[in-house]
1. For the range 59-139, which helices (runs of 4 or more DSSP H) that fit wholly inside it have 3 or more residues that are farther than 30 Å from Asp161 by Cα?
2. Select from the range 24-58 the residues that are part of a loop (DSSP other than H, G, I, E, B) and aliphatic (A, V, I, L, M) and write down the one among them that is surrounded by the fewest Cβ atoms within 10 Å (Cβ to Cβ).
3. On the given criteria, is Asp40 modelled with pLDDT under 95 and charged (D, E, K, R)?
Amino acid sequence: MKKLVILISGRGSNMEAIVRACASEGWPARVAAVIANRPDAAGLAFAASHGIATAVVDHRQFPDRDSFDAALAEQIDAIAPDLVVLAGFMRVLTERFVDHYAGRMLNVHPSLLPSFPGLKTHQQALDAGVRFHGASVHFVTSKLDHGPIVVQSAVPVEAGDTAQTLAARVLATEHIIYPRAVRWFVEGRLALDGSRVTLTPSEPQWLFAGHTAGEGA
């Protein structure tokens, strides 16, 4: 039985999707803790209501990123998780922290990486005039919003879209692909080969708007 620790900063809707999928699909894993960097993170209440241990490591109580990351790592390592899941965790992590969890930390980013790293990805996509936008689940590396990609989703950019409407459609796909990627990890099906992720046995590592992977484009 693998242990998961999920890091959040706010509502944690991807955390909710992972918790629900873990229970409903009977993964060989459990969410051992949800940790937030803000005491007012709404997702803490959801986790507690599902019997999951919660903790807060408030970044505002630390003088710099290094000391915050050290305290956060101490909290995580006390649980000894097999996987650390970033679910809307709005902190840039230090290289030392990332290296400590190399190969066992996942993130979801709301763009089709390597396009549009950083913030305001939906507006970036609209400004660039792309026809498809989406989300990427990837292993975390020291380069921000980069790392081996596990699975991606894509949605069409529609006439009249705003950053908000586009974000809502992308988020709906995140709630599908992120639990899927975490399940693959806990089932021992993911392997890192340099910058590529191998899934065994193979199945589509993508999802197109409104379709589950493999059902069409």
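1. Helices (runs of 4 or more DSSP H) meeting the threshold: 65-77, 95-100.
2. Filtering first and then ranking leaves Ala42.
3. no
The values are calculated or read from the model by the stated rules, or taken from the named source; none is laboratory data. If you're wondering where the values come from, they're calculated on a predicted model, not measured in any experiment. Cβ coordinates were reconstructed from backbone atoms using ideal geometry, including for glycine residues, and neighbour counts include every protein chain displayed.
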